[in-house]
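Below: the structure, in structure tokens.
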Amino acid sequence: MSSTKERIFKAALETFSKRGFYKATMDEIAEAAGVAKGTLYYHFKSKDDILDFLIDEGIKRLKQQAIEEISKVNGAIEKLKRIVFVQTNFLYKNHDFIIVLLSQIWGHGDVPRRFREKLSTYLEIIEKVVKEGKEQKLLADCNEKLVAAAFFGMTTSILALRVIREETVNIQEITDTIFGFALNGLKFYH
């Protein structure tokens, strides 16, 4: 990606997270990116195009990091743990992405629908690992789609609340808590 598009990416995320998608203007994004408005329009026709780019690029980066990490280990349990860690780390470092993500995931219309479709390509990575765990008899029989959504949702909501409250975040603690809860639940076993 060119340095100009990278600056636009960061500026648009920050602008959308602070002002909201509908209140943000192309002028504000151009100013935050340090580019002329014409340069912004050279790369993007509208705010919708910018939002599509943000979603595409954000999900692409998250998927790439997850795929790289799970390729380093064997076994579904270790892969799931790595996915939770990668997602926690990614969303923490890109906290503006969480805000944009959450603002679009529940919406109606073409943009939120396209976003959910793109997000589903990331969730498919988790689903495959859960299926692998079931085949290895390491995980109970379950609905892979629901489990993938649960992992994603737990991580995202924990980070969203901590970032909004400006709390200190310990990525490993969040990973261990989510992972432990997902594998063992809250019930004590004797």
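In whole Hz, what ³J(HN,Hα) sequence does the stretch 32-41 give by Karplus (6.51, -1.76, 1.60; θ = phi - 60°), x for Gly and Pro?
Ordered by residue, 3J(HN,Hα) equals 5, 7, x, 10, 5, 4, x, 5, 4, 6 Hz.
What whole-number value in Å² describes the accessible area per residue of the chain for a 1.4 Å probe?
Values: 10780 Å² over 190 residues.
For the chain, the per-residue accessible area is 57 Å².
Relative to the longest principal axis of the chain, what angle (0 to 90°, nearest 10) does the C-alpha long axis of helix 95-105 take?
Once rounded, one gets 90 degrees.
So what's the angle, to the nearest 10 degrees on a 0 to 90 scale, between helix 3-19 and the longest Cα principal axis of the chain?
80
Give the Debye-formula value of log10 I(q)/I(0) at each listed q (0.09, 0.13, 0.20 Å⁻¹), with one equal scatterer per alpha carbon of the chain, two decimals each.
-0.37, -0.72, -1.39
Given a 1.4 angstrom probe, I'd like the percentage of the accessible area of the chain that is carbon and sulfur, rounded to a whole number. The partial results should precede the final answer.
Details: 5780 of 10780 Å².
Of all accessible area on the chain, carbon and sulfur atoms account for 54 percent.
Per DSSP H run of n ≥ 4, the term is -39500 (n - 2.57); total these for the chain, divide by its residue number, and report the mean residue ellipticity at 222 nm rounded to 500 deg cm²/dmol. Walk me through the intermediate numbers first.
Values: 9 runs with 146 residues, N = 190.
Calculated at 222 nm, the ellipticity per residue is -25500 deg cm²/dmol.
As I understand it, the value is the acute angle between the Cα axis of helix 144-164 and the longest principal axis of the Cα atoms of the chain; what does it come to in degrees, rounded to 10?
Taking the Cα atoms of the chain, the angle to 144-164 is about 60 degrees.
Among residues other than Ala11 whose Cβ falls under 14 Å from its Cβ, what is the net charge (Lys/Arg +1, Asp/Glu -1)? Please report the intermediate quantities before stating the final value.
On the way: positive: Lys5, Arg7, Lys10, Lys18, Arg19, Lys37, Lys47; negative: Glu6, Glu14, Asp27, Glu28, Glu31, Glu57, Asp96.
Surrounding charge for Ala11 is 0.
Would you mind telling me which residue in Glu28, Glu127, Glu173 has the biggest mean-square fluctuation in a Gaussian network model of the chain, where springs connect alpha carbons within a distance under 10 angstrom?
Of the options given, Glu173 has the highest mean-square fluctuation.
The values are calculated or read from the model by the stated rules, or taken from the named source; none is laboratory data. All of these numbers come straight from a predicted model, not from anything done at the bench. Glycine gets a Cβ as well: all are built from the backbone with ideal geometry, and neighbour counts include every protein chain shown. Side chains are part of the model used for accessible areas, which takes the heavy atoms of the whole protein and leaves out ligands, DNA and RNA. Shrake-Rupley method; radii C 1.70, N 1.55, O 1.52, S 1.80 Å.
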